[in-house]
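The values are calculated or read from the model by the stated rules, or taken from the named source; none is laboratory data. Remember, predicted model here, so these are calculated numbers, not experimental data. Here the Cβ is made from the backbone with ideal geometry for all residues, glycine too, and neighbour counts use every protein chain on show.
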Amino acid sequence: MPTVFSSSSPDTAASIASIFLADPVTLYEARAKRLRALAEAEPSLRGYLSFAALVVEVQHLLNCHDNSAPMPTTTLHVDGVTPPLSMARLLQDKLWQEHLTTLLAALLPHMPAPVQTVLERLRKMDSVQRIAAAHALFNNDTSLTGSDGAPFFWAALSLTAMQRVARSKIVVDDKNGVARHLCPLCGNAPVAGVVHSDGLRYLHCRLCESEWRAARALCSNCESSRNIYEWPLEKQFPAIRAESCGDCRSYLKILHQKDDSNVDAVADDLASLSLDALLENKKFRRSSINPFLFPSA
């Protein structure tokens with residue numbers, strides 16, 4: 001039988017251990033607070049972490065505004081084959097473009113001149129250009145947004161995706177379970193893994209912010225069980241390891257809540273760039289992209 005649950009139900013986490021849905025209100029509040037704290041702890045990254053915190057705070061304000069308006073409830077069927085929140089469906093949703101327009105306007109007065117130039121460039125894009133740019137971005141192509149403009153696009157897209165998931169009834173009808181290397185709801189890659197306090201590992205979606213169960217000791221990229229190794233930087237980041245795979249030569253950060261209950265998939269991944277440098281020096285590549293750190297086209 002399929003399992004039905006809604007993110008608004010207090011029994012969701014207890015009844016469905018395979019998927020956790022993000023609450024936009026609590027997620028943005030906690031992430032902004034975490035980014036501010038990490039900015040104080042990491043002086044070399046203070047400027048960029050503070051910038052990311054400001055973007056998240058605007059996401060939080062936009063979400064609070066949207067909560068005051070009614071939004072229709074939809075049903076998303078998770079069958080383990082086709083992600084119900086498809087990219088085509090999301091791009092047809094006018095709400096993400098409204099979020100982008102408002103976000104750019106809200107951030108503009110608080111940004112230095114070089115970033116204001118980026119924001120103005122994005123504001124001048126018409127609807128068709130925005131859709132084309134977002135479509136490219138889903139394929140990690142920043143040629144239309146620029147790597148400097150990509151985080152703003154992604155912030156609007158992610159907010160819309162998370163809202164759609166959070167306000168939907170989710171029907172899980174997957175006989176094989178939801179464990180896989182891509183998000184079962186939207187098909188995006190994880191930004192990081194999170195080992196919950198009960199020892200179970202989940203992968204955290206970089207777009208809709210959902211988490212899905214993933215067996216430990218399996219590569220989160222190719223699902224190989226061979227040559228898996230965790231690389232720590234215990235003195236600097238006691239709660240974070242980088243899990244590498246010797247088969248596909250990829251790695252993903254893994255955050256351990258038992259070592260720090262305040263870890264956040266996006267914030268802590270962004271703050272621990274020294275761990276990325278360690279793995280890249282050993283010829284491993286990231287299997288995903290932080291929404292605040294898109295590579296240049």
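Checking the stated criteria, residue 143 turns out not to satisfy the condition of being at pLDDT 90 or above and in contact with a strand residue (DSSP E or B) (Cβ under 8 Å, 6 or more places away or on another chain).
Among the candidates 150, 161, 106, which residue alone is closer than 21 Å to residue 185 by Cβ, in contact (Cβ under 8 Å) with a residue 40 or more places away in the chain and either among the acidic types (Asp, Glu) or surrounded by 15 or more Cβ atoms within 10 Å (Cβ to Cβ) (or both)? Reasoning before the result, please.
Working: 150 fails: closer than 21 Å to residue 185 by Cβ; 106 fails: closer than 21 Å to residue 185 by Cβ.
Only one candidate passes the filter, namely 161.
Scan segment 237-283 for residues that are farther than 26 Å from residue 33 by Cα, in a loop (DSSP other than H, G, I, E, B) and either within 18 Å of the chain's Cα centre (by Cα) or not small (Gly, Ala, Ser) (or both) and jot them down. Scanning segment 237-283 gives 247, 248, 249, 282, 283.
Any residue that is among the polar types (S, T, N, Q) and under 23 Å from residue 197 (Cα atoms) - is there at least one of those in segment 267-280?
Taking segment 267-280 and keeping what is among the polar types (S, T, N, Q), we get 272, 274.
From what is left, the residues that are under 23 Å from residue 197 (Cα atoms) are 272.
Within segment 267-280 (the criterion being among the polar types (S, T, N, Q) and under 23 Å from residue 197 (Cα atoms)), the answer is yes, since at least one residue qualifies.
Evaluation of residue 126 against the conditions (1) modelled with pLDDT of 95 or more; (2) buried (at least 19 other Cβ atoms within 10 Å of the Cβ); (3) not small (Gly, Ala, Ser) shows that the sole unmet condition is (2). Of the listed requirements (1) part of a helix (DSSP H, G or I); (2) touching a residue at least 40 places away in the same chain (Cβ under 8 Å); (3) over 14 Å from residue 96 (Cα atoms), residue 135 misses just one: (3).
Within segment 229-262, can you find the residues that are among the small types (Gly, Ala, Ser) and exposed (fewer than 15 other Cβ atoms within 10 Å of the Cβ)? Show your work before the answer.
Residues of segment 229-262 that are among the small types (Gly, Ala, Ser), as a first pass: 239, 242, 244, 246, 250, 261.
Of everything in segment 229-262, those that are among the small types (Gly, Ala, Ser) and exposed (fewer than 15 other Cβ atoms within 10 Å of the Cβ) turn out to be 246, 261.
Looking at residue 148, is it over 18 Å from residue 131 (Cβ atoms), at pLDDT 95 or above and assigned to a loop (DSSP other than H, G, I, E, B)? Reasoning before the result, please.
Working: over 18 Å from residue 131 (Cβ atoms): yes; at pLDDT 95 or above: yes; assigned to a loop (DSSP other than H, G, I, E, B): yes.
Criteria met by residue 148.
Just wondering, is there one or more residues in segment 208-228 that are outside any loop (DSSP other than H, G, I, E, B) and over 25 Å from residue 79 (Cα atoms)? Yes, segment 208-228 has at least one match.
Residues 216, 201, 226: which one is buried (at least 19 other Cβ atoms within 10 Å of the Cβ) and among the charged types (D, E, K, R)? Step through it out loud before you land on a result.
Values: 216 fails: buried (at least 19 other Cβ atoms within 10 Å of the Cβ); 226 fails: buried (at least 19 other Cβ atoms within 10 Å of the Cβ).
201 is the lone residue from the list that is buried (at least 19 other Cβ atoms within 10 Å of the Cβ) and among the charged types (D, E, K, R).
The requirement of being closer than 23 Å to residue 103 by Cα and without any contact (Cβ under 8 Å) to a residue 40 or more places away in the chain is satisfied by residue 89.
Residue pairs whose Cβ atoms lie under 7 Å apart, separated by 6 or more positions or on different chains, with the first residue in segment 17-41 and closer than 19 Å to residue 238 by Cβ and outside the structural domain of residue 67 (by TED's automatic domain parsing) and the second of a type outside the set (Gly, Ala, Ser) and surrounded by 16 or more Cβ atoms within 10 Å (Cβ to Cβ), do not occur.
Limited to segment 261-277, what total is found for residues that are touching a residue at least 24 places away in the same chain (Cβ under 8 Å), over 11 Å from residue 237 (Cβ atoms) and not hydroxyl-bearing (Ser, Thr, Tyr)? Full working, then the answer.
Step one: filter segment 261-277 for residues touching a residue at least 24 places away in the same chain (Cβ under 8 Å), giving 261-276.
From what is left, the residues that are over 11 Å from residue 237 (Cβ atoms) are 261-262, 264-267, 270, 276.
Narrowing the set further to residues that are not hydroxyl-bearing (Ser, Thr, Tyr) leaves 262, 264-267, 270, 276.
Result for segment 261-277: 7.
In summary, helices (runs of 4 or more DSSP H) completely within segment 21-101 and bearing 3 or more residues that are more than 20 Å from the chain's Cα centre (by Cα) occur at 46-67.
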